[in-house]
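Here's the structure we're looking at; comments come further down.
Nothing in this text is a laboratory measurement; each read-out follows from the coordinates by a stated rule. Fair warning: this is a prediction, and the values are worked out from it, not measured in the lab. Ideal geometry is used to build each Cβ from the backbone, glycine not excepted, and the neighbour counts take in all protein chains shown.
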């Protein structure tokens, strides 16, 4: 998962900008983190945004009761 994030930040964001110093690099990385989590849909989670999925209320599926036969 982290390797995919590093690939995305490099090819989708950093390599497309002129970055002159470490302060700019940190600002661009911070900017992309917001894009990555709040704006950019992710194929691995059915094109949802991670922040939306994180904020969803977990739902629990009722377990089907197992029937025990007294044979």
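Quick notes on this one:
- FRET efficiency for the residue 10 to residue 60 pair, using the beta carbon distance and R₀ = 30 Å, is estimated at 0.20.
- Values of log10 I(q)/I(0), in the order q = 0.15, 0.24, 0.25 Å⁻¹, for region 2-55 under a Debye, Cα-only, solvent-free model: -0.45, -0.94, -0.99
- Potential extension, residue 30-residue 43 segment - 0.36 nm per residue separation minus Cα distance: 2.5 nm
- Mean Cα-pair separation over length for region 2-55, i.e. relative contact order, pairs under 8 Å, 6 or more apart, %: 22 percent
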